[in-house]
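*Asks:* Next up is a structure, given as structure tokens.
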Amino acid sequence: MEVNYRTVRGGVIGLALLIAGVILNPVHTVPTGHRGVITVGGNIKGIQSEGYLLLWPWEKLNIFNVRAEQADIEKAEGSTSDLQPVTTSLTVRYSVMPNKVAEVFEQYSKDGNLDSYINTATQETFKAVTAKFTAPDLIAKRAIVSNEIGAQLRTKVALYGAQIINIDMRNFAFSREYMAAINEKATQEQLRQAAENKVLTVTAEQKQKVAVAEAEATAQRARADGEAYAALKIATAQADALKVQNAALVQNKDVLELRRIEVDLEKAKRWNGQLPVNVYGSAPMPFLNVDKK
């Protein structure tokens, strides 16, 4: 059997190169939350997920972060629609979208850090949004302002292959003079409200006193009316009784005579038997018990 030494030699050389590549370029690892960008001569050959992999000597592994990152924007500057300068500080949490790794790697970042782009986009968004509101509205409508900043910033950073996780915005800061004016206005407003509350309290107390006085007067009138009505009813009843008695007496004179006799009998029972010393012509004579014996 004839052996093709040339072929054998090529196989041996290839195997030697493979062994040398493995020795010189051992097993690689893509950590959790990252992607491995494999390049050859600067061009992307492939994207590797988390785990182990072997590379040819001519391949290079670039570790690319797709976990959440945080960009701190200190003293973002803007101006309100009423020309009041305003600043604030923001913390923006973001991450590179996994399906945009190759695009971001080629155009913006070799490791997934987009802080500079996020910072610029946040500054621009803050200026654009604050210009739509007056200074008082920025304070009074903070939630609306925050939502609009978030919406616009999400649109901007999507151009860089990133997505916003959340935005933490601190309080707005205005010039010292404007803040002093706001504090003075707030103080005056508090004093005004306190005065209005005092007036309302006094008015309520006065109304309560009037209501109590009116209720007492009504009760007194009701009692007086009740007493007068009761007295009237009693007087009417007594008058009706007298009318009935008089009518009965007029109709039956014997009743009057009977009453007179009853009175005389009662006087006779109480007489002690002594005659009066002086007897006048018109004075009644007492009954005398004359014994017929």
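*Asks:* Got a sec? Which helices (runs of 4 or more DSSP H) wholly within the range 99-210 have at least 2 residues that are touching a helix residue (DSSP H, G or I) at 6+ places or on another chain (Cβ under 9 Å) and of a type outside the set (K, R)?
*Replies:* Helices (runs of 4 or more DSSP H) meeting the threshold: 115-130, 135-140, 142-158.
*Asks:* Continuing with this model, one more query. Among the residues that make up the range 14-26, is at least one of them part of a loop (DSSP other than H, G, I, E, B), surrounded by fewer than 17 Cβ atoms within 10 Å (Cβ to Cβ) and either modelled with pLDDT of 95 or more or in the same structural domain as R142 (by TED's automatic domain parsing) (or both)? Break it down stepwise before answering.
*Replies:* Filtering the range 14-26 down to residues part of a loop (DSSP other than H, G, I, E, B) leaves 25-26.
Subsequent filtering for residues that are surrounded by fewer than 17 Cβ atoms within 10 Å (Cβ to Cβ) retains 25-26.
Add one more test, that the residue is either modelled with pLDDT of 95 or more or in the same structural domain as R142 (by TED's automatic domain parsing) (or both), and what stays is none.
There is no residue in the range 14-26 that is part of a loop (DSSP other than H, G, I, E, B), surrounded by fewer than 17 Cβ atoms within 10 Å (Cβ to Cβ) and either modelled with pLDDT of 95 or more or in the same structural domain as R142 (by TED's automatic domain parsing) (or both).
*Asks:* Looking at the range 256-264, can you tell me whether even one residue there is surrounded by 10 or more Cβ atoms within 10 Å (Cβ to Cβ), outside any loop (DSSP other than H, G, I, E, B) and at pLDDT below 70?
*Replies:* yes
*Asks:* May I pose another question? Between a first residue in the range 63-75 that is closer than 30 Å to P85 by Cα and a second residue that is of a type in the set (F, W, Y) and assigned to a loop (DSSP other than H, G, I, E, B), which pairs have beta carbons less than 6 Å apart while being 6 or more apart in sequence or on different chains?
*Replies:* Between residues of the range 63-75 that are closer than 30 Å to P85 by Cα and residues that are of a type in the set (F, W, Y) and assigned to a loop (DSSP other than H, G, I, E, B), there is no close pair.
*Asks:* Hey, another quick one. Filter the range 89-108 down to the residues that are out of contact with any Leu (no Cβ under 9 Å at 6 or more places or on another chain) and over 27 Å from R170 (Cβ atoms) and list them by number.
*Replies:* Answer for the range 89-108, where residues must be out of contact with any Leu (no Cβ under 9 Å at 6 or more places or on another chain) and over 27 Å from R170 (Cβ atoms): M97, P98, N99, K100, V101, A102, E103, F105, E106, Q107.
*Asks:* Sticking with this one: Filter the range 88-130 for residues that are over 15 Å from I167 (Cα atoms), touching a residue at least 60 places away in the same chain (Cβ under 8 Å) and hydrophobic (A, V, I, L, M, F, W, C) and give the result.
*Replies:* Hits for the range 88-130 are V96, M97, V101, A102, F105.
*Asks:* Would you check which residues across the range 34-66 are in a loop (DSSP other than H, G, I, E, B) and at pLDDT below 95 and list them?
*Replies:* The first filter runs over the range 34-66 and keeps only residues in a loop (DSSP other than H, G, I, E, B), leaving 41-42, 49-50, 54-59, 66.
The answer is G41, G42, S49, E50, L54, L55, W56, P57, W58, E59.
*Asks:* Being in contact with a strand residue (DSSP E or B) (Cβ under 7 Å, 6 or more places away or on another chain), surrounded by fewer than 16 Cβ atoms within 10 Å (Cβ to Cβ) and assigned by TED's automatic domain parsing to the domain that holds K141 is the requirement here; does R154 meet it?
*Replies:* Taking the combined requirement at face value, the residue does not satisfy it.
*Asks:* All but one of (1) over 21 Å from V37 (Cα atoms); (2) in contact (Cβ under 8 Å) with a residue 40 or more places away in the chain; (3) more than 27 Å from the chain's Cα centre (by Cα) hold for F133; which doesn't?
*Replies:* (3)
For (1) under 14 Å from L159 (Cα atoms); (2) in contact with a Pro (Cβ under 7 Å, 6 or more places away or on another chain); (3) not hydroxyl-bearing (S, T, Y), each residue gets a yes or a no:
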{"residue": "V92", "(1), (2), (3)": "no, no, yes"}
{"residue": "N99", "(1), (2), (3)": "yes, no, yes"}
{"residue": "V104", "(1), (2), (3)": "yes, no, yes"}
{"residue": "K110", "(1), (2), (3)": "no, no, yes"}
{"residue": "I118", "(1), (2), (3)": "yes, no, yes"}
{"residue": "T122", "(1), (2), (3)": "yes, no, no"}
{"residue": "K127", "(1), (2), (3)": "no, no, yes"}
{"residue": "L138", "(1), (2), (3)": "no, no, yes"}
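*Asks:* Taking the range 54-110 only, how many residues are surrounded by 15 or more Cβ atoms within 10 Å (Cβ to Cβ) and under 30 Å from Y178 (Cβ atoms)?
*Replies:* Within the range 54-110, residues that are surrounded by 15 or more Cβ atoms within 10 Å (Cβ to Cβ) and under 30 Å from Y178 (Cβ atoms) number 12.
*Asks:* Please verify whether I165 is under 30 Å from I73 (Cα atoms), touching a strand residue (DSSP E or B) at 6+ places or on another chain (Cβ under 6 Å) and assigned by TED's automatic domain parsing to the domain that holds F126, treating the condition exactly as stated.
*Replies:* yes
The values are calculated or read from the model by the stated rules, or taken from the named source; none is laboratory data. Since we're looking at a predicted model, the values are computed, not measured. Every residue, glycine as well, gets a Cβ built from its backbone with ideal geometry; the counts of neighbours run over all protein chains shown.
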